[in-house]
Amino acid sequence: MDKEKYQDDDLLEVFDIKDRIAINKDKIISQESNERFLNSIMDNYFLDNDNIIFLQEHGYAIFYFDDNESCICGSNKKYQDCHKKLLKSQGENYITYAEALNNDQDYNEYLNINKILIDNISQAYINTAKCNFLDCDRMVIKTSLVDDKKWLTSIKVNYIDTKLTIGNDFFINKVDKILECNSFCLEHNDVLKKMNNWKSSFFLSSAFTLQRNTIIFNFALSEFENKFNSIKSDGYKALMIYHLRKLKQEFKSSLLQIERIRNAWKTNDFSDFKLHNWKIDKVKNQNFQCSDFFYPQIMPENFETVNSVNNPLTNIYNGFVFNEFIDHEIMSTFVWHKDDDKITKFMNQWIQKIKTDNEVRHFISNVCLILSNVILFDENYYSKLTKDEQILNSALSKFRFETPKMGQEYIKMKFFAGFDSGNDLF
Ligand SMILES: [Zn+2]
Ligand SMILES: [Zn+2]
């Protein structure tokens, strides 16, 4: 991957969504009600595939690329001079991810067709990636993010296999390949692993997230280039663009984080990062592990949006949580960058809101379980939960769906009702 070309801060233009609305001439409802309708949809927490298809088919062409927009690939060319020209017509109907979700046969076919592509992209990444540590240009080595203990995780080996159905248990045995990190050279990998503090953990997680996002984004871009013209329905085309935009934002946000932490490491000055610690004593057991980014959605006091699941056009804000178990205590460290106003506000509101030890336990549990990507459960602990508890944990851990499928209204309500009074994993 050519890192330089992605470092342009102007990679993604944040623009006014309303500018993107093309309304059908024969629409009966007035401009004013159109606007109200659109605003209410975009304010809604979750925009599912039906909403997007509906909007697209009724003339709300929010999810297309503008000819003069800088290309989605980050080449700094205009879209019309870059990927628009590269789009291929294959004269066949291609099943999109969103369509494939409708039945198992199509879904398996989708995975089979694309597994080869994602494997190739992953291998190309591994073969060419340079160490992410400072200015090191040695080749990366393969390492695992987690220790040898038996853990369960909801992450799958195949990055593109993200089909999850509410009512199922998503947690599977951690195999090394799932949390394989190819981001540092041998020497720097050792440096980071031996330190075992939030700084090294933050760096490892950032690098792992960047690796995943690079591979997934490159896959999506390739799928777009090769298959887009074979997709018949405008609605499914809109979904593909929606997805690509969201991936681009995630990619951009992980690049930003790794840049920030690399710079802090260079000068040994982490003062641009803000920190908040919570300590919990008399921990029942070390039944789960999480040192990962978290992606808040809503402020707890004024319900302002932090990250919108709906809007793939705005920046993504994340913080980092690091749990350290020492004897029967846990020290939980929350880290975020001072420039991320929304995370600062989110954390400040929670710090004000949390008054008791129990609330701290629930808050940390829920940040790990609901707002983070990588949570690991101890196998023994997890096997003793009831089936219902396993299913609820599964649903909560994938609450922040990457794909606009499955209206999770029930889970959403559970989330807001129980965020600081629900889960105590300690
Ligand atoms: Zn392009
Ligand atoms: Zn290195």
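The values are calculated or read from the model by the stated rules, or taken from the named source; none is laboratory data. Since the model is a prediction, treat every value here as computed from it, not as a measurement. We place every Cβ from the backbone using ideal geometry, glycine too, and count neighbours over all the protein chains shown.
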The conditions are (1) farther than 20 Å from Val321 by Cβ; (2) of a type in the set (A, V, I, L, M, F, W, C); (3) surrounded by 17 or more Cβ atoms within 10 Å (Cβ to Cβ); (4) away from ligand 1 (no atom under 16 Å from the Cβ), and Ile172 fails exactly one of them. Which is it? (3)
Residues that are surrounded by 20 or more Cβ atoms within 10 Å (Cβ to Cβ) and touching a residue at least 60 places away in the same chain (Cβ under 8 Å): list the strands (runs of 3 or more DSSP E) wholly contained in segment 285-371 that include at least 3 such residues. 291-294, 329-337
Across segment 246-279, the tally of residues that are charged (D, E, K, R), surrounded by fewer than 17 Cβ atoms within 10 Å (Cβ to Cβ) and either free of Cβ contacts under 8 Å to residues at least 60 places away in the same chain or not in a helix (DSSP H, G or I) (or both) stands at 3
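Quick check on segment 192-204. Is at least one of its residues over 30 Å from Ala238 (Cα atoms), of a type in the set (Phe, Trp, Tyr), within 16 Å of ligand 2 (Cβ to nearest atom) and under 22 Å from the mean Cα position of the chain (by Cα)?
Within segment 192-204 (the criterion being over 30 Å from Ala238 (Cα atoms), of a type in the set (Phe, Trp, Tyr), within 16 Å of ligand 2 (Cβ to nearest atom) and under 22 Å from the mean Cα position of the chain (by Cα)), the answer is yes, since at least one residue qualifies.
Looking only at segment 176-191, which residues are within 20 Å of Glu379 (Cα to Cα) and surrounded by 13 or more Cβ atoms within 10 Å (Cβ to Cβ)?
If the condition is that a residue be within 20 Å of Glu379 (Cα to Cα) and surrounded by 13 or more Cβ atoms within 10 Å (Cβ to Cβ), then Asp176, Ile178, Leu179, Glu180 are the ones that fit.
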Limited to segment 57-112, what total is found for residues that are among the acidic types (Asp, Glu), within 16 Å of ligand 1 (Cβ to nearest atom) and modelled with pLDDT under 90? 3
Those residues that are more than 16 Å from ligand 2 (Cβ to nearest atom) and crowded, with 19+ Cβ neighbours inside 10 Å, I need them from segment 133-153; list them, please. Leu145, Trp151, Leu152, Thr153
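Condition check ((1) within 19 Å of Ile216 (Cα to Cα); (2) within 16 Å of ligand 2 (Cβ to nearest atom); (3) free of Cβ contacts under 8 Å to residues at least 12 places away in the same chain) across all residues:
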site	(1), (2), (3)
Thr96	yes, no, no
Gln105	no, no, yes
Tyr110	yes, no, no
Asp119	yes, no, yes
Gln123	yes, no, yes
Cys131	no, yes, no
Ile166	no, no, no
Asp169	no, no, no
Leu179	yes, no, no
